[in-house]
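Remarks on the structure that follows.
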Amino acid sequence: MGSNAADFMAALHIARAGQGAADAAAAEAARGAVTDILGQVLIGVDHVGLAVADIDAAVELWSAMGLREVHRERNDEQGVVEVMMAVGAGTTQMQLLAATSDTSPIAAWIDKRGPGIQQVAYAVRDVHAAAEGLRMLGFTLLYELPKRGTHGSLINFVHPKSCGGVLLELVEHIR
Ligand code: MC0
């Protein structure tokens, strides 16, 4: 298999045909093929998202231990103001998330649990293939099609109820 988006989708289509096989061993092999494809689609941990009540106070807290603010934007579709804080060289970042309205998922999170880790985000080579592969394995994706995330990235989420209690974000950076 190659390593571009079309190759991943083509491989998933082949696996889907196998998943429907009457032969249990063939169906299990097809499931294993999907896992292998996902192993190639996932790049690494992109960021850890923290729900915060006050964005500037949170920037001050994390800056004090040497993290650096590298990006700030407002995303009204997601109901957040976010600040990306680089850890060390910045390969992995902490994302500070403050609600912009009462209907924001961050407002709901803070009301229920207070500030803390709200999500873990994986960088992926292709968000469509990542979402499709995870669906094929029985995970629940929040969106049928990806939405816009940080820096114009494409994002989707795995519902925490299907993911061991973790809200998992999938991020495809657009270069
Ligand atoms: C809710 N639950 C969570 C959770 N949020 N568990 C772990 N981590 C979370 N973040 C649990 C609740 O405690 C509850 O469990 C159950 O899930 C409720 O599920 P629900 O009724 O379906 O839904 P809600 O209303 O609680 O909403 C959860 C949901 C929502 C994940 C659907 O937060 C959502 O749409 N999130 C995706 C968008 C998002 O988070 N945007 C902000 C970041 P019990 O056991 O009590 O039943 S924006 C972002 O990240 C962008 C800018 C980016 O990075 O590019």
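The values are calculated or read from the model by the stated rules, or taken from the named source; none is laboratory data. Here the structure is a predicted model, which is why all the values come from computation and not from measurement. Neighbour counts run over all protein chains shown; Cβ positions are idealised from the backbone, glycine included. To get the accessible areas, we keep the full protein, side chains included, count just its heavy atoms, and leave off ligands, DNA and RNA. Shrake-Rupley method; radii C 1.70, N 1.55, O 1.52, S 1.80 Å.
Values as computed for the structure displayed
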read-out: Solvent-accessible area, 1.4 Å probe, carbon plus sulfur percent, for the chain; value: 57 percent
read-out: Hull shadow area, averaged, segment 92-175 [alpha-carbon convex hull, nm²]; value: 6.0 nm²
read-out: The chain - accessible surface per residue (Å², probe 1.4 Å); value: 52 Å²
read-out: Distant-in-sequence amide H partners of residue 167 (H built 1.01 Å from N, under 5 Å); value: 120
read-out: Cα centroid separation, segment 40-69 to segment 102-138 (Å); value: 15 Å
read-out: Per-bin percent of Cα-Cα distances, segment 1-100 [5 Å]; value: 2, 12, 16, 13, 9, 8, 10, 11, 9, 6, 3, 1
read-out: Whole-number Å³ per residue for the convex hull built on Cα positions in the chain; value: 124 Å³
read-out: Relative contact order %, segment 121-175, counting alpha carbon pairs below 8 Å whose residues are six or more apart; value: 41 percent
read-out: 10 Å-binned pair-distance histogram of segment 120-159 (Cα, whole percent); value: 30, 62, 8
read-out: Distance (nanometres) between label positions extended 7 Å along Cα→Cβ at residue 142 and residue 24; value: 3.7 nm
read-out: Computed P(r) (all Cα pairs; segment 22-63; 5 Å bins; percent); value: 5, 16, 13, 11, 9, 8, 9, 9, 7, 6, 6, 2
read-out: Under 13 Å, Cβ to Cβ, from residue 131 - net charge with Lys/Arg +1 and Asp/Glu -1; value: -2
read-out: Neighbourhood net charge (12 Å Cβ-Cβ; Lys/Arg +1, Asp/Glu -1) for residue 101; value: -2
read-out: Sequence-separation-based contact order of segment 9-152, relative, with Cα cut under 8 Å and 6+ spacing, percent; value: 27 percent
read-out: Over 18 Å [Cα-Cα, segment 62-115], rounded percent; value: 39 percent
read-out: Per-residue [θ]222 nm for the chain (sum of -39500 (n - 2.57) over DSSP H runs n ≥ 4, rounded to 500); value: -11000 deg cm²/dmol
